[in-house]
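What follows is a set of notes on a single structure, which appears directly below.
The values are calculated or read from the model by the stated rules, or taken from the named source; none is laboratory data. This structure is a prediction, so every number in the text was calculated from the model and none was measured. Backbone-built Cβ (ideal geometry, glycine too); neighbour counts: all protein chains shown.
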């Protein structure tokens, strides 16, 4: 790991709370953000002492804005202002100042004159024993490209002037970071790191409100950091994340995730996190927390799509449903899963996803390296030993287990087989295509980082999906596995208060398991024969399908009669799927079939499913 | 009022719930948004019947996208698609289709060819007894300006082709709407209306997520609607508001506000709402809901800034504090104000603001015209008669009273004077400069509309203010009064769940009354003499002030010793203010002094106040 640093602006709270959080998370240093200092009751020299007492260094003071000016009088005043900041930095015991390129109307627009002004500032810095790290703001009036800033630094050629590289300012513009590798050795004074979701918006607003930690957004930070490493930079890796979420969140939690994000980034720098990941197979089990009232309804729906009750754990009452190699464990007890006040124990939802692994203990080691707690758990066919199963909490109410695949004998050992007669597997579904989960505002960033870092999952671009209930922010994550299967999770953001805990719900349902099948029509018919009344899809939908796609009337009529929905991508990939009704407030099951390399999730049909579910309920209520 | 219409996309819920909400709010018609139809179980002919049964008409079907194409084969298929949509409209009983200019890569970029394609579509429409309203999307590939679209419509010159004007698409581009007045009579087929907050972002994202109702944003809709009226347009005024908030909100409430917003807009069209507003004077009273534990602390703080206890209402226990012409009524009882579960009755906050008016009954009439409920209330010097006092609820926990100014005798009649001796008014403060209130996510849009419409308040651009606790969205509203004073409210958005009710809090405090004074130093000294320990402002702040402004050391030292903060604007206006500590979780008082026409609120100091308050509490806890 490189030296780690974090800007105080990343964290919520008073300056004292921010420093406590950074130290507790294991950071080596901090950048002091000027507004934090101004609002602090601690004088700069006191601050220097308390920072040192916490085992931290002050790596940078920032920002110094609008240094250069076409107005000579103003530039002269700016140099006086610079001297004052150096006075302050003397007390802080910090020698490095961040100077941003000017976004002002009076910014110098002539490179020769600008390098003269930078040289004048560098001379003062040198005399004062200070150094200036010059950074191209993405919205700088004249200098907005890091290569332009670096040319100016090279022209000035003063040991007191170097470059500050900020991943946001470079990648938000779509600039190629590879030229960083060619910067003169030692000319990079500082490195600031932030990720961000891809957004089409004014870059200043994007920067000030929507940055996030490496591993939480969509920038190619791996390519960026490899260029920085190629340049021979060996200073601190410092996070500078302006985020409306983090400004409000628990700083201890943010700082801990921030430190993890730098470990993730160092893995990206060394290669790719999935090359370091232990083996994983496909999703082999799901645990549904159901509660006593709706557990029978969950069981009935599972039966409709091919799952049969195989056993009951006499100790806990857990029910085992299986089809072929898949296991769904239903927890019909109340209150064993959620203890948060106000949580309805009768809201069936997914509590745990089981991913096959031959070496769970390697996952435990990997999690420990990220300071993510794991606990040995009691699971079928195991002694609760980390060699056999490892559980990681994605949120307070959802865990992922890495576990050896339990054999039929293993399951039998744990569950009393009921009924005693052997049930022939229906073999309707062949595996888990994806799992859909809801994550609240407070948990979103942390969960994304966990799935990206520890699990090495990749992200597609996120989607905003409007429907009858609201606009749903959806993010698909995928993990290739050693078996050639892909573990897919579709996470949806459920806005909630930052202090709300417990399982989330969304009108019309959100959490789901999508099982894959080989033939959608045959499977839909077999499910119907087992009693399924698939969610009824409106005729208007099929009329529109006929207008949008070149599909035969026979095919459309076939889908119409079975409630099958359809999507196709630009490359000829096709997606067929149908839904069970939602059980309780949140949970449903889906059966899908992919053809021709289709990579999506039928998102265009998501609003149709929600409306159909609301309609079903309205009719049922009459 | 013109005929009113609303697009189904504005409202949350199923299509049936949307139609119910539109009918209940008093709309004359609806636009049917295609995705709502596709997801609906009602066939188009059934939908036509249920719309008519609700007393509504279907004014428009929309949208038809990407009509024109440089690919002749695709254009031919588009015309077939058009025929299919006309089939559907036959069943809907709707004759008007919205066609948007194409944002596609295959859009026609030659006006002659484009008008040929529009003419072909218009000919089909004419044959089918339909009409096409052509709209320039702000992000159209070739046609993005309404004047360009209108030239094409004029060139085609077919009675089946006309213009659709959308205020968002015109005003978001900064286009001048005045040329609308010159459009040919009858060429405007349809009018879509939306407001929006000023945002620097990609216009498509802005349009799809952040539109709002007229009177909730920052567009000049008055100028826009007057141009439309000058063109002789007499069709429906239809709201088309894509909003992530409304997609999630109660549709009945949204529809009611939507209908009000069109009334507001018709007032803007006729002139300006404040010309229709009854008289109002300055803020003369404030009621603080305090609860029994912290009421004495509120009283003590009021005493420090010049207010003295004048009486107690023996019936309710309300306490009257006065200075000069101002009255602050403190409610020390628990539970008389908030009944929401989980609400701390001991969180002092502002429950009511009293604005002087000689004719409260005129306000009652104005509120009734907006379908805003008013209730006669019992208040000092009144019989609870609308001639004397009218109360309007801004949120569940905050009301504004319009009331005749109570004389000393009036107050005496209601309150038993305690102590009996006459207290000489301290006369430290001269009036209320502004009131700071918190509004939750669920109430924000409705409260903005109420303050803008019924009260005729004007808005400045909103601000995002980052501080130690988060980023605060702040919106100042002002109302000029007949007395020459200005009523100012600074509203801050407190993110909460849409179903949360009750008073809001923000760490460090948010709700406040800012009193004005003539001399800030003299007043601060007098307050100190009365026992005030003003919020302590860090020395670092004054060091920074010296670096930023050209102020004398004497002046800075004077402010430092009294905890006075400072701001100045570009035109030489100056602002001086100091703060009391926050009482409980939310409420504080501020004393301010404006000089030289300063129009702001010292927002730059807001983060310093929050940090100082958090520091005060941390020290007090040690």
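Given A:473, A:507, which one is within 11 Å of another protein chain (Cβ to nearest Cβ) and in a loop (DSSP other than H, G, I, E, B)?
A:507
Pairs, please: C-beta under 6 Å, at least 6 apart or cross-chain, first residue part of a loop (DSSP other than H, G, I, E, B) and in segment B:372-399, second buried (at least 19 other Cβ atoms within 10 Å of the Cβ) and at pLDDT below 70?
Pairs that qualify, where the first residue is part of a loop (DSSP other than H, G, I, E, B) and the partner is buried (at least 19 other Cβ atoms within 10 Å of the Cβ) and at pLDDT below 70, are B:376/B:386; B:388/B:382; B:396/B:501; B:397/B:503.
Looking at residue A:446, is it under 25 Å from residue A:376 (Cβ atoms), in a loop (DSSP other than H, G, I, E, B) and either within 14 Å of another protein chain (Cβ to nearest Cβ) or modelled with pLDDT of 85 or more (or both)?
no
When the residues of segment A:263-279 are filtered to those that are over 17 Å from residue A:450 (Cβ atoms) and in a helix (DSSP H, G or I), which remaining residue is modelled with the highest pLDDT?
By that ranking, first place goes to A:269.
Taking segment A:24-35 as the search range and keeping residues that are touching a strand residue (DSSP E or B) at 6+ places or on another chain (Cβ under 9 Å) and assigned to a helix (DSSP H, G or I), which one is nearest to residue A:190 (Cα to Cα)?
Per the criteria, the residue is A:34.
Applying the selection to segment B:44-64, what residues are more than 14 Å from every other protein chain (Cβ to nearest Cβ), buried (at least 20 other Cβ atoms within 10 Å of the Cβ) and either within 15 Å of residue B:17 (Cα to Cα) or free of Cβ contacts under 8 Å to residues at least 24 places away in the same chain (or both)?
Within segment B:44-64, just B:51 meets the criteria.
Hey, can you tell me all the residues within segment B:34-43 that are surrounded by 23 or more Cβ atoms within 10 Å (Cβ to Cβ) and more than 7 Å from chain A (Cβ to nearest Cβ)?
Listed by number, the list holds a single entry, B:36.
Which one of these is buried (at least 16 other Cβ atoms within 10 Å of the Cβ) and at pLDDT 80 or above: B:397, B:382?
Going through B:397, B:382 in turn, the sole match is B:397.
When you go through (1) away from chain A (no Cβ under 14 Å); (2) more than 22 Å from the chain's Cα centre (by Cα); (3) at positive phi one by one for residue B:456, which number turns out not to apply?
Condition (2) is where residue B:456 drops out.
Being touching a strand residue (DSSP E or B) at 6+ places or on another chain (Cβ under 7 Å) and within 22 Å of residue B:144 (Cα to Cα) is the requirement here; does residue B:56 meet it?
Judged against the criteria, residue B:56 is not a match.
What are the residues in segment A:1-23 that are over 17 Å from residue A:212 (Cα atoms), outside any helix (DSSP H, G or I) and at pLDDT 95 or above, if any?
Correct list: A:3 only.
Of all helices (runs of 4 or more DSSP H) completely enclosed by segment A:118-211, which ones contain at least 1 residues that are away from chain B (no Cβ under 14 Å) and over 25 Å from the mean Cα position of the chain (by Cα)?
Counting at least 1 such residues, we get A:146-156.
How many residues does segment A:557-583 hold that are away from chain B (no Cβ under 14 Å) and over 35 Å from the mean Cα position of the chain (by Cα)?
So the answer is 5.
Answer yes or no as to whether residue B:429 is at pLDDT 90 or above, away from chain A (no Cβ under 14 Å) and within 25 Å of residue B:515 (Cβ to Cβ).
Yes.
Here is a list of conditions, (1) assigned to a helix (DSSP H, G or I); (2) over 17 Å from residue A:454 (Cβ atoms); (3) more than 14 Å from every other protein chain (Cβ to nearest Cβ), and residue A:256 meets all of them except one; can you say which number that is?
(2)
Listed here are the residues, each with its yes/no results for (1) part of a helix (DSSP H, G or I); (2) surrounded by 14 or more Cβ atoms within 10 Å (Cβ to Cβ).
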{"site": "A:66", "(1), (2)": "no, yes"}
{"site": "A:80", "(1), (2)": "yes, no"}
{"site": "A:90", "(1), (2)": "yes, yes"}
{"site": "A:108", "(1), (2)": "no, yes"}
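Are any residues in segment A:300-318 without any contact (Cβ under 8 Å) to a residue 60 or more places away in the chain and under 35 Å from the mean Cα position of the chain (by Cα), and if so, which ones?
A:316, A:317
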